[in-house]
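Here's the structure we're looking at; comments come further down.
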Amino acid sequence: SGNYMNVAGASLAGVTASSTSVSTASINAGTMGHVFWTGSVSVSTRSVALKGAAFKFIGSAPYDAIANLKMYVNGSAVGPTATVASDGRLSFDFGSSPVTLNTGSQTVELRGDIMKGSNRTAQFNLENASDLMVMDTQLGVNVAVTAPTTLTFAAQNGTNVSINTGSITTTIDPTFSNLSNVTGGATGAVIAKYKLQAYGEDVKVSTLYVTPTITGSTPIPNGLNNVALFYNGSQVGSSQNAATSTELSFTLGSSLIVAAGTSGTLEVRADLQNSASANYTAGTVTVALNVGSANGQGQASSATMNVPTATVTSTGLTVATGALSVSTSAAYAAAQTVNPNTANVKLGSYVLQNTSSSEGVRVTNLAVTVGGTQSLTYLSNLRTSETSGSGSTPINPTASNNFSVNFTLAPGQSKVIDIMGDLGAGISASTTITTLLPTAIGSNSNVAMSLTAVTGQTLTAQSGTLAVPTLVTSGSLVAQYIVGGTSPVTSQYKFVATNGTATISELKFAVGGTAGTSSVTQVSVGGATAPVVNGVAYATGLNIVVPAGASGTNVTVTPTFASVGNNGLTSFTQATTSLTYMKYTIGGTTTSTSTLAVVSNTMTLVGSKPTVTATQPSGVVLTTGNVEVIDVTVSADSAGPITLNSLPIVATLNSTGGLFTAAAAVVKDGNNNTVATTGSCTSAITCTVTIAFTGGREITSTPQTFKIFLPVSVVASTSSSPNNAVNTTITPSSAAFSWTDTQGNNGTPITEAAPLIYNFPTLTSNIHN
């Protein structure tokens with residue numbers, strides 16, 4: 001036998017539709033959102049989804065007579081707008097976003113805008129059940145629409161609309177309402193703009209009546225010239241001159257026809273000049289498009305109408321012309337100091353700005369005067385920064401000068417104009433002051449502007465100076481050992497210029513010290529190297545720039561020291577360099593100064609030199625016996641060896657009762673081998689000992705570490721001082737640090753209380769119990 005199959009039944013939703021539209025209506029063309037079909041759609045059982053709708057258009061009006069057709073459910077728009085197709089069908093597709101119709105009665109409407117079709121009819125009908133496409137939202141199947149009282153569907157007709165005679169509206173064009181200014185003196189300026197919209201049929205406008213008015217003007221109002229009408233950009237009718245607030249009648253013939261369902265733009269243009277052709281530069285312009293009288297005619301119905309039906313007055317436009325502001329530039333201080341004999345001097349700096357919003361400003365001339373106490377004899381090549389015309393062409397200045405230029409500033413635009421010139425020797429403390437007076441007109445109105453000369457900055461001629469340089473401590477070496485034959489940067493000098501930028505071209509350095517003039521062989525400065533001749537290094541051809549101001553310029557000096565040792569200087573020779581002369585130029589003035597004596601710190605020349613560091617031993621505890629109190633590392637310069645003779649050690653126990661043993665200090669090397677030395681502590685709380693290396697200890701560039709052990713006999717501890725320590729330093733001021741310059745071929749030990757060894761350690765090693 002076969003399989004058993006279960007069969008279930010389900011009830012579909014029910015949908016009925018009936019038109020409640022009035023049978024006929026007479027509607028004016030131009031009516032917006034007219035209801036062409038309205039009806040009741042009733043839903044039972046469950047909600048349904050409206051996926052689409054279709055209406056049949058019948059009537060004598062053209063298919064495009066009705067625009068912006070849209071469906072509404074319970075007063076709310078649904079879906080997109082639609083248009084009638086060439087077969088007379090009007091279709092709506094809600095498939096991508098179905099409209100939910102809940103159970104109960106829904107009011108459905110079809111609305112549209114009547115754009116044309118005067119003296120014709122238009123009607124929209126639901127002809128078939130399938131014209132409303134609805135789907136059961138639960139079962140997902142389409143539902144057949146029926147009439148309310150039968151199981152079948154009957155056509156549901158909309159209102160048969162008779163479209164009355166066409167009409168036309170006249171309004172201010174929205175784009176014109178946003179305007180506020182019109183350029184004074186302008187020709188063919190748009191002083192009003194209207195929007196004409198025809199409905200139902202094409203409308204011909206044969207005559208228009210216009211009253212242009214100007215008030216509060218400069219000069220006194222006296223009409224407007226060449227008033228003309230333009231429709232969609234083309235002139236209609238003839239131009240006329242208008243007397244003050246007088247109506248003008250324009251006969252248009254058949255040149256202005258507004259097509260049904262469209263809009264056109266009507267402009268009123270005029271020259272903003274009075275009857276004497278004088279430019280208006282101020283005032284307010286308005287235009288009244290006066291009510292018509294049977295001056296419009298429907299092209300289908302031949303019916304006449306008034307265009308406009310009421311006077312339409314434009315928004316007022318303010319008559320304005322270009323305005324130029326002239327001021328000194330805030331970026332160039334009011335008081336300037338400049339050095340004589342200087343080329344390309346900025347004598348004055350100005351800002352020109354178009355402060356108008358109505359038109360550009362055209363500048364045609366720059367009038368420049370030159371005043372002050374400085375004689376014009378010392379000024380040449382006067383010019384401006386403007387490159388148009390002759391603006392930048394240098395001239396021999398007089399008290400008053402003119403530069404022909406040609407540039408335009410757009411509304412709100414600004415431009416900097418600099419007055420330039422070459423300054424000669426002149427007289428110190430004399431002044432140069434310029435003024436600027438532009439000639440300018442409105443770029444459209446050609447109205448000349450009334451401007452006033454503006455006085456510029458004051459330039460005072462002052463001879464520039466370069467102060468005696470100072471030695472910069474942070475950039476110079478302190479007194480120390482220097483290995484002979486090397487070239488370290490030993491000195492840094494700060495140069496400060498006033499009243500102009502200085503350029504140093506020459507410097508001289510004198511060599512001094514215990515070896516006289518032979519301790520330095522050459523000096524490098526500012527990119528040049530000069531040999532020492534007769535004790536002086538003379539550096540020429542320099543180009544060291546020192547800008548004016550307190551910050552100045554720092555210049556480093558690098559001497560090359562003579563070699564020490566065999567065939568060289570004696571070890572421990574002292575050497576200095578001293579800046580004694582400088583030559584510089586500020587502006588066009590060159591100055592030499594030979595009374596300087598800015599001396600570097602004293603350097604001591606050696607064949608080699610020690611480097612000494614001290615560290616605190618790690619993991620050592622204070623107890624009785626020999627205690628490692630400090631580690632000292634010594635190395636020699638790579639130039640060659642030295643001999644270490646003695647180390648000064650000072651150690652102190654920090655508690656009463658603690659004692660060192662009267663015994664010898666012990667020194668071990670980095671491998672914990674005992675180094676032969678002499679030097680003992682006494683029985684005291686402080687041990688000051690000079691540890692002498694037996695026969696001396698040769699030190700090379702390889703560092704050697706010495707561990708210093710001191711004998712401690714008592715470590716006191718009390719309840720008030722339970723912790724004790726020994727503090728140890730290398731203190732040359734209390735004992736002697738002694739070494740011999742082996743590389744420098746000098747067998748005489750040097751013993752120093754204040755060594756010249758760079759970065760000699762100051763560490764205090766602290767060992768606790």
Using amide H atoms built 1.01 Å from N in the peptide plane, name the residues 5+ places from THR501, or on other chains, whose amide H lies under 5 Å from its own. ALA548, GLY587
If you project the alpha carbons of the stretch 556-654 onto the principal axes, what extent comes out on each, in Å, largest first? 79, 38, 20
Residue-averaged 222 nm ellipticity for the chain, from DSSP H runs of 4+ at -39500 (n - 2.57), nearest 500: 0 deg cm²/dmol
List every residue whose amide H lies under 5 Å from the amide H of VAL627, counting only residues 5 or more places away in sequence or on a different chain, with H placed 1.01 Å from N in the peptide plane. LEU710, VAL712
Report ³J(HN,Hα) in whole Hz for each residue of the stretch 696-709, in order, from the Karplus equation J = 6.51 cos²θ - 1.76 cosθ + 1.60 where θ = phi - 60°; Gly and Pro get x. x, 10, 6, 10, 10, 6, 7, x, 10, 9, 10, 8, 9, 10
D (µm²/s, integer) via Stokes-Einstein for the stretch 210-295, Kirkwood Rh across alpha-carbon pairs, 25 °C, 0.890 mPa s: value 177
Part-to-part distance (alpha-carbon centres) for the stretch 352-370 and the stretch 164-187, which is given in Å: 33
Output the pairs from LYS116/LYS204; LYS508/LYS583; LYS70/LYS204 with a Cα-Cα distance over 21 Å in this structure; if there are none, say none. LYS70/LYS204
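Can you tell me what share of the DSSP beta bridges in the stretch 324-461 is antiparallel? A percent to the nearest 5 is fine.
Working: 43 of 47 bridges.
Taking every DSSP beta bridge within the stretch 324-461, about 90 percent pair in antiparallel fashion.
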Part-to-part distance (alpha-carbon centres) for the stretch 606-632 and the stretch 13-61, which is given in Å: 109
Under a point spin-label approximation (7 Å from Cα along Cα-to-Cβ), what is the ALA85-ILE172 distance to one decimal in nm? 4.6
In what sequence do VAL405, VAL258, VAL73 fall when counting other Cβ within 10 Å, fewest first? VAL73, VAL405, VAL258
³J(HN,Hα), Karplus 6.51/-1.76/1.60, whole Hz, each residue of the stretch 233-238, x for Gly, Pro: x, 10, 6, 10, x, 9
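What shape does the stretch 14-163 have by the C-alpha gyration tensor, where a ≥ b ≥ c are the square roots of the eigenvalues, rounded means a/c under 1.5, and otherwise prolate means a/b greater than b/c and oblate the rest?
Numbers: a/c = 2.10, a/b = 1.78, b/c = 1.18.
Since a/c reaches 1.5 and a/b is larger than b/c, the shape of the stretch 14-163 is classed as prolate.
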Percent of Cα pairs exceeding the 37 Å cut-off, where the set is the chain: 73
Arrange the following residues from fewest to most other Cβ atoms within 10 Å of their Cβ: CYS687, CYS681. CYS681, CYS687
Quickly rank 519-525, 237-243 as a protection proxy: mean count of other C-beta atoms within 10 Å, highest first. 519-525, 237-243
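If you rank TRP739, TRP37 by fewest surrounding Cβ atoms within 10 Å, what's the result?
The most exposed by this proxy come first: TRP37, TRP739.
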Evaluate the relative contact order of the stretch 465-606 (contact order divided by residue number), counting alpha-carbon pairs under 8 angstrom at least 6 apart; express in whole percent. 34
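Which whole-number percentage describes the relative contact order of the chain, with Cα contacts under 8 Å and a sequence gap of 6 or more? Spell out each step's value before the answer.
Working: 2310 pairs, mean separation 60.1, N = 769.
Relative contact order for the chain comes out at 8 percent.
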Amide H within-cut-off set for ALA260, under 5 Å, with H built and near neighbours excluded: ASP202, VAL203
Would you list which lysines come within 29 Å of LYS415, measuring only between C-alpha atoms, while excluding same-chain residues fewer than 8 positions from it? LYS346
Intensity falloff of the stretch 61-142 expressed as log10 I(q)/I(0), Debye formula with alpha-carbon point scatterers, at q = 0.19 Å⁻¹: -0.96
Net charge of Cβ neighbours under 12 Å - reference GLU201; Lys, Arg +1; Asp, Glu -1: +2
Diffing the stretch 600-611: the Karplus 3J(HN,Hα) column from phi (6.51, -1.76, 1.60, θ = phi - 60°), in whole Hz with x for Gly and Pro, holds 6, 5, 7, 9, 10, 8, 9, x, 8, 8, x, 10
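Among 495-502, 632-639, how do they line up from the highest to the lowest mean number of other beta-carbon atoms within 10 Å?
Details: 495-502: 21.6, 632-639: 18.8.
Ranked from most to least packed, the peptides come out as 495-502, 632-639.
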Based on the alpha-carbon gyration tensor of the stretch 77-231 and its eigenvalue square roots a ≥ b ≥ c, which shape applies: rounded if a/c is under 1.5, prolate if not and a/b is larger than b/c, or oblate? prolate
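Looking at the square roots a ≥ b ≥ c of the eigenvalues of the Cα gyration tensor of the stretch 610-768, which shape do they give, rounded for a/c under 1.5, prolate if a/b is larger than b/c, or oblate? List each step's numbers first, then the result.
On the way: a/c = 2.15, a/b = 2.10, b/c = 1.03.
In terms of gyration-tensor shape, prolate.
Could you tell me what a quarter of the Cα convex hull surface of the stretch 324-461 works out to, in nm² with one decimal place? If you can, show how the numbers build up before the last one.
Details: hull surface 29.8 nm².
That works out to 7.5 nm².
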Ranked highest first by average number of other Cβ atoms within 10 Å, how do 350-356, 24-30 line up? 350-356, 24-30
Note to self: C-alpha centroids of the stretch 97-153 and the stretch 430-508 sit apart, in Å, by 89
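No value in this document is a laboratory result; all are computed from the given coordinates. Note that the structure is a prediction, hence the values are computed from the model and not measured. Counting neighbours? That spans all protein chains shown, and the Cβs are built from the backbone with ideal geometry, glycine included.
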